[in-house]
Amino acid sequence: MADLISQMEEIDWLFRRMVRRFVKERDKISVEDIALPGLLILRSIQLGGIQKLGDLAEQLDLTSGAITALCDKLEAKGFAERRRMPDDRRNVWLDVTEEGRQLLDRYPELGKRGVSLIFGSFNEEELACQREIFERIYANLEGFSERYMAMVKEYEEQLTEKTEQQADAKPKTPPSSKPKQNYFLNY
């Protein structure tokens, strides 16, 4: 069992290390002064049409702050424009401009080639295995923080119980032959 736990700890470390490296490397990528997530936004709109910023953030796993900053940059470069619909003024939508379409046309295979830089060395069986593993990890992450915090609470309760048991188990001082003193009155 200890060996299995040790192996899981190593895999956890490797997984976190991989994610950190991916983010670090991804953040170095810029095409015509647009970061890779900005290109993903443009590609998503090109494929699916005008989209709400919130939907884009969820689809691409970006925070609302990140999506706003990326959209600011895309608009400043003339690659995208924000819109509000007359019947729904609360939501902000993003659309690709003609300049944005031209940018994507200049780099038509960039996404596919980028993915093959990471996964191209794996055969079909290995890719299928990875897909299954990633899906299982993703499913295991559902409610992870709540389950983890429940474990913390359980440990805290056990610690309190153990401390109370230790206090109860302390040997009592044997009664002495001295007369009882009123400690309340002795300062």
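Brief remarks follow.
- Here is the figure for the stretch 73-91: residues that are buried (at least 16 other Cβ atoms within 10 Å of the Cβ) and of a type in the set (S, T, N, Q) total 0.
- Restricting attention to the stretch 39-72, the residues that are buried (at least 16 other Cβ atoms within 10 Å of the Cβ), free of Cβ contacts under 8 Å to residues at least 40 places away in the same chain and of a type outside the set (A, V, I, L, M, F, W, C) total 1.
Let's see how each residue does on (1) among the small types (Gly, Ala, Ser); (2) in contact with a strand residue (DSSP E or B) (Cβ under 7 Å, 6 or more places away or on another chain); (3) over 19 Å from ARG26 (Cβ atoms):
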position	(1), (2), (3)
ALA66	yes, no, no
GLY78	yes, no, yes
GLU81	no, yes, yes
VAL92	no, yes, yes
GLN102	no, no, yes
GLU109	no, no, no
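- Contacts under 6 angstrom Cβ, first residue in the stretch 1-28 being basic (Lys, Arg), partner at pLDDT below 95, 6 or more apart: ARG26/LEU36
- Residue count for the stretch 85-115, restricted to those that are out of contact with any helix residue (DSSP H, G or I) (no Cβ under 9 Å at 6 or more places or on another chain) and part of a helix (DSSP H, G or I): 8
- Residue match in the stretch 44-65 (condition: charged (D, E, K, R), touching an Asp or Glu at 6+ places or on another chain (Cβ under 7 Å) and either at pLDDT 95 or above or closer than 29 Å to TYR138 by Cβ (or both)): no
- Residues that are surrounded by 10 or more Cβ atoms within 10 Å (Cβ to Cβ) and either over 30 Å from VAL115 (Cβ atoms) or in contact with a Lys or Arg (Cβ under 6 Å, 6 or more places away or on another chain) (or both), drawn from the stretch 131-147: ARG147
- The single condition among (1) within 27 Å of TYR138 (Cα to Cα); (2) surrounded by 12 or more Cβ atoms within 10 Å (Cβ to Cβ); (3) aliphatic (A, V, I, L, M) that LEU94 does not satisfy is (1).
The values are calculated or read from the model by the stated rules, or taken from the named source; none is laboratory data. All of these numbers come straight from a predicted model, not from anything done at the bench. All Cβ positions, even for glycine, are placed from backbone atoms using ideal geometry, and neighbour counts span all protein chains on display.
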